[in-house]
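Here's the structure we're looking at; comments come further down.
The values are calculated or read from the model by the stated rules, or taken from the named source; none is laboratory data. Predicted model only: the values in this text are computed from it and were never measured. Glycine also receives a Cβ, built like all others from the backbone with ideal geometry; neighbour counts cover every protein chain displayed. In case anyone asks, the SASA skips ligands and DNA or RNA and just uses the protein heavy atoms, side chains included. Shrake-Rupley method; radii C 1.70, N 1.55, O 1.52, S 1.80 Å.
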Amino acid sequence: MPRPTAFLDGRLQILQPERGYRFAADAPILAHFIRCGPADRLVEIGTGCGIIPLILFVKKRFHRLVAVELQPALAELARANVRRHGADAAIRIVTADVRDLAPADVDAPADVVFANPPYRRVGAGRLNPDPEKAAARHELSLDLADRFAAARRFLAPGGRFDLIHLWERRADVAAAAAAAGFHPGRSRQVLAFPHSRQPRMFLHSWHPAPAEAFAEPPLVIHEKPGVHSEAFRRIISAAPEDSST
């Protein structure tokens with residue numbers, strides 16, 4: 001059994017692989033971006049070790065969250081993490097390929113679907129020899145079109161699909177969203193440093209119906225090398241957030 005990693009000021013003790021897939025800064029950043037309230041149903045496409053659902057469990061409020069994971073070993077870790085934090089009544093882990101799931105399988109229709117997907121296309125960059133790391137970094141099983149199709153299938157008419165991705169792939173994301181009939185809503189750029197020449201990542205809420213498109217101020221991760229910004233320190237703290245508006 002892997003040793004737990006302390007997170008959110010120690011509120012979370014997350015089991016994750018020693019050498020395989022391990023969560024990074026994009027997980028709490030996406031969790032912070034997600035807006036949800038006590039009546040909302042959420043679905044995650046690709047939960048890994050269950051880190052984002054558990055961040056939401058500690059910091060926000062929701063009615064029910066179903067997290068789907070294709071890799072059985074990671075799904076079992078996610079279940080173990082949910083159990084060890086007493087979140088069984090709020091979070092359910094499903095081991096499956098989202099392409100094979102009907103809305104009822106994930107308690108849909110959902111108010112929010114979200115994903116922190118692999119960022120690289122197959123053939124772009126070196127494929128990691130570790131199978132879990134390879135699947136976490138490259139679109140080996142599901143591509144952007146698959147994720148948008150699943151989100152469309154699971155979402156309620158007034159819902160939204162919250163996604164984080166690399167800045168350099170923003171055109172690919174926009175094309176996949178448009179092909180699936182999604183419309184842009186709220187967005188946010190993520191910068192490594194205040195004076196970075198371009199963003200590292202971006203966040204976007206995609207809607208199945210026309211929505212107001214607007215950009216929030218950029219999120220800066222580091223004030224300087226080795227020093228997190230105040231905004232990012234709040235994101236990785238255990239302080240609750242009210243994000244329903």
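Could you grab the relative contact order for the chain? Cα pairs under 8 Å, six or more apart, rounded to a whole percent. The partial results should precede the final answer.
On the way: 487 pairs, mean separation 46.1, N = 245.
Relative contact order, the chain: 19 percent.
Which order, highest average first, do 182-190, 2-10 follow once you tally other Cβ atoms within 10 Å for each residue and take the mean per peptide?
182-190, 2-10
Based on alpha-carbon positions alone, could you give the equivalent ellipsoid semi-axes of the chain from the gyration tensor, as √(5λ), descending, whole Å?
Details: eigenvalues 102, 100, 80 Å².
Equivalent ellipsoid of the chain: 23, 22, 20 Å, largest first.
Taking a label point 7 Å from the Cα of residue 215 along the Cα→Cβ vector, which residues of segment 105-120 have an amide N closer than 15 Å to it?
none
Under 5 Å between amide hydrogens, which residues at least 5 positions from residue 61 or on another chain qualify, with H placed 1.01 Å from N in the peptide plane?
243
Might you tell me the accessible area per residue for the chain, computed with a 1.4 Å probe and given in Å²? Intermediate results must be reported in sequence, preceding the final value.
Working: 11280 Å² over 245 residues.
Here the per-residue accessible area is 46 Å².
Return the carbon/sulfur percentage of the accessible area of the chain, one whole number, probe 1.4 Å, all protein chains in place.
On the way: 5970 of 11280 Å².
Carbon with sulfur: 53 percent of the solvent-accessible area.
Hey, with R₀ at 41 Å, roughly what FRET efficiency would residue 9 and residue 175 work out to, going by the Cβ-Cβ distance, to 0.05?
On the way: r = 40 Å, r/R0 = 0.97.
Working from the Cβ atoms, E equals 0.55.
Would you mind listing how long segment 1-59 runs along its three principal axes, going by Cα atoms, in whole Å with the largest first?
Projected onto the principal axes, the Cα atoms of segment 1-59 cover 36, 25, 19 Å.
Go through 108, 33, 177 and say which Cα lies farthest out towards the positive end of the charge dipole of the chain; charges sit on Cβ, +1 for Lys and Arg, -1 for Asp and Glu.
In the chain, that residue is 33.
How big, on average over all directions, is the shadow cast by the Cα convex hull of segment 1-107, in nm²?
Numbers: hull surface 26.1 nm².
Across all orientations, segment 1-107 yields a mean hull projection of 6.5 nm².
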